[in-house]
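Worksheet for the structure shown next.
The values are calculated or read from the model by the stated rules, or taken from the named source; none is laboratory data. Treat the numbers as computed from the prediction; the structure is a model and nothing was measured. All Cβ positions, glycine included, derive from the backbone under ideal geometry; neighbour counts span all protein chains shown. We work out accessible area using only protein heavy atoms, side chains counted, and drop any ligands, DNA or RNA first. Shrake-Rupley method; radii C 1.70, N 1.55, O 1.52, S 1.80 Å.
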Amino acid sequence: MFFLTTAIDYTNGSPHIGHAYEKILADVLTRYRRLRGDEAYFLTGVDQHGQKVQQTAEKEGVDPATFVAEITERFTRLWETLGIEYDGWAATTDERHKSSVQTILSSLKAANQLYKKSHSGHYSVRQEQFLSDRDRNESGEFGPEWGEVVVIEEENWYFKLSEHTDWLKSYLEQTDDAVIPAFRKTELLNALERNPGTDLCISRPKARLHWGIELPFDSDFVTYVWFDALINYVSFAGYQAAPGSELPDFQKLWTANERPIHLIGKDILVPAHGIYWLCMLHAMGFADHEMPRLLVHGWWNIRGEKMSKSLGNIVDPKQLAENFGVNALRYYLMRDIVTGKDADFDPSRLVMLYNTELANELGNLCNRALNMTQRFTAGVLHRGGIPTEDDLALQKSLIETTGDYCRAMDDFNVAAALEAISRHVVHCNGYAERMKPWELNKNPENHARLASVLYHLAESVAHCAVLLAPVLPTAIEGLATQLNLPQLASLHLGDLRWGLIPDSHEIGKPAPVFPRIVTTEKE
Ligand code: MSP
């Protein structure tokens, strides 16, 4: 079983392009694993508690429950628009999650992993955490990233995180795929080296924050939002679930076969996932082979700058989907970033990549394969005779493309997989220009050759449609209809071999699948 989760999004504002990217990437990786023939489960959701939510709701004069319900709907509507198909929905206000958090807290307390103490210090309201001197900048100040910093003294509950950091270090050193890509693991190990572990404050006094999950053993406190949110990965996977909860079988999802993958952004590796979560799981009794793999993606920036409300440069995915279409948006977000690295979001590149690789190159190939078959061979495809050198080179290019595509996708590198498909499409168009089916059509003696050339083009379209399906799930339907091969949509990678199109097959009616985006601006 391939079990993939994403970060759960804060419901203190509208979804932006960063949220959309992560969910599309998760959707694509899950669809790819199904294409491989594997069983897959994709869990995503929303992080609804915490001080930020409480404060924003207060500012807007609504109660937090109403506030998060409205924002949650913006996320779910967007995921529907973008064709994101998740199997499980993790909302932290769900009663099943609350009871899971409380059960875990009680077990940790029984195992002597929690204690109460008083602490006085600097507290960042924005980041909802106490700060230490290590958090000061070169001039000895707490920088603007911490927002308002206040001095407070309060009693709280702590998790004995420091008891687990030696284990964490050796687990990370011994496990190649604990963090992907590898350079992020180095960052995590460096962070552990610099900061070898203080215990984690896991509660907030109700006097200050009421919008959270109450500690089961001390009703004056609610659970710290990160401790609550991280547990979503197990609570919604059915960990210690009550019978009749309609949650998945935890054994099947988490423990059998492959270790789960948590897809997260680079900002929440240290300390939340890389330190807190792995140590929490260790304290809960998870063995090394049950630890999730952390797949860490980079950020979409705007002209090299972080996207932020204060800079007013937030990119709205809903607007982009309306302007350019879902296919163009999904394609761009997968095509123009290397998983793990940052990229610059640039709408003119979105238009350029879509127009060049889909509307022009693939569109041209489809047009040649389908329109010419309709016009020159009465809509019927024939396999033709002995392949020429050019035919064999095209078949070889397709085999290489499929291999490169699978290797890249197995490596979570969707951009490289799309590039491989694009290479084959360019090869096919070069083949068409050399074979000139429009010239062959002029002489009836060349008809067998003409049929064979068109077959090579159409067969390539069929393969590319299958390979593109995880990224462009709706496009395959259009292409399968035009090829009159509805079974394409249910093929697995293992079914991909030369000859998907039977001899003397009659195709459907051609229609453009990737209409060109026309903008007024210079592309
Ligand atoms: N609620 C926490 C996660 C809890 S997981 C138990 C959170 N939420 S978030 O809404 O701020 O971010 C959700 C995800 O979006 C994170 O993985 C984050 O890295 C990602 N992104 C936020 N901005 C982004 C970009 N500009 N680009 C790409 N992804 C970005 O953190």
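Within the stretch 41-70, how many residues turn out to be over 16 Å from residue 10 (Cα atoms), surrounded by fewer than 18 Cβ atoms within 10 Å (Cβ to Cβ) and either in contact with a Leu (Cβ under 7 Å, 6 or more places away or on another chain) or in contact (Cβ under 8 Å) with a residue 24 or more places away in the chain (or both)? Here the count works out to 0. Output the number of residues of the stretch 7-17 satisfying the condition of being within 7 Å of the ligand (Cβ to nearest atom) and in contact with a Lys or Arg (Cβ under 7 Å, 6 or more places away or on another chain). Residues flagged as within 7 Å of the ligand (Cβ to nearest atom) and in contact with a Lys or Arg (Cβ under 7 Å, 6 or more places away or on another chain) within the stretch 7-17 amount to 1. Inside the stretch 481-504, residues that are farther than 20 Å from residue 395 by Cα and either open to solvent by 90 Å² or more (accessible area, probe 1.4 Å) or not hydrophobic (A, V, I, L, M, F, W, C) (or both) make up a count of 6.
For the stretch 276-332, the set of residues classified as within 15 Å of the ligand (Cβ to nearest atom) and of a type in the set (Gly, Ala, Ser) consists of 298, 304, 308, 310, 312, listed by residue number.
A single entry from 264, 314 fulfils the requirement of being within 27 Å of residue 98 (Cα to Cα) and under 22 Å from the mean Cα position of the chain (by Cα): 264.
Listed here are the residues, each with its yes/no results for (1) among the charged types (D, E, K, R); (2) at pLDDT 90 or above.
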site: 121; (1), (2): no, yes
site: 126; (1), (2): yes, no
site: 131; (1), (2): no, yes
site: 136; (1), (2): yes, yes
site: 143; (1), (2): no, yes
site: 148; (1), (2): yes, yes
site: 151; (1), (2): no, yes
site: 154; (1), (2): yes, yes
site: 157; (1), (2): no, yes
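Among the candidates 446, 441, 413, the residue that is polar (S, T, N, Q) and over 24 Å from residue 503 (Cβ atoms) is uniquely 413.
In this structure, residue 61 does not qualify as modelled with pLDDT under 95, over 33 Å from the mean Cα position of the chain (by Cα), more than 30 Å from residue 321 (Cα to Cα) and among the small types (Gly, Ala, Ser). Within the stretch 319-345, being surrounded by 17 or more Cβ atoms within 10 Å (Cβ to Cβ), out of contact with any Phe, Trp or Tyr (no Cβ under 8 Å at 6 or more places or on another chain) and farther than 17 Å from residue 413 by Cα holds for 320, 321, 326, 329. Residue 403 meets all of the listed conditions (1) surrounded by fewer than 23 Cβ atoms within 10 Å (Cβ to Cβ); (2) small (Gly, Ala, Ser); (3) closer than 28 Å to residue 490 by Cα; (4) in contact (Cβ under 8 Å) with a residue 12 or more places away in the chain but one, namely (4). Could you check, for the stretch 411-432, whether at least one of its residues is closer than 29 Å to residue 332 by Cα, open to solvent by 20 Å² or more (accessible area, probe 1.4 Å), of a type outside the set (A, V, I, L, M, F, W, C) and outside any helix (DSSP H, G or I)? For the stretch 411-432, residues closer than 29 Å to residue 332 by Cα, open to solvent by 20 Å² or more (accessible area, probe 1.4 Å), of a type outside the set (A, V, I, L, M, F, W, C) and outside any helix (DSSP H, G or I): present. Is there a residue in the stretch 85-94 that is more than 23 Å from residue 245 (Cα to Cα), in contact (Cβ under 8 Å) with a residue 24 or more places away in the chain and surrounded by fewer than 23 Cβ atoms within 10 Å (Cβ to Cβ)? The answer is no; no qualifying residue exists.
Does the stretch 160-182 include one or more residues that are of a type in the set (Gly, Ala, Ser), open to solvent by less than 10 Å² (accessible area, probe 1.4 Å), within 16 Å of the ligand (Cβ to nearest atom) and in contact (Cβ under 8 Å) with a residue 24 or more places away in the chain? Checking the stretch 160-182: not a single residue is of a type in the set (Gly, Ala, Ser), open to solvent by less than 10 Å² (accessible area, probe 1.4 Å), within 16 Å of the ligand (Cβ to nearest atom) and in contact (Cβ under 8 Å) with a residue 24 or more places away in the chain. If you check 73, 22 for being within 12 Å of the ligand (Cβ to nearest atom), of a type in the set (D, E, K, R) and either surrounded by fewer than 23 Cβ atoms within 10 Å (Cβ to Cβ) or modelled with pLDDT under 95 (or both), only one passes: 22. Taking the stretch 267-299 as the range and being within 24 Å of the chain's Cα centre (by Cα) and either open to solvent by 40 Å² or more (accessible area, probe 1.4 Å) or of a type in the set (Gly, Ala, Ser) (or both) as the test, the residues that pass are 267, 270, 271, 272, 274, 289, 290, 298, 299.
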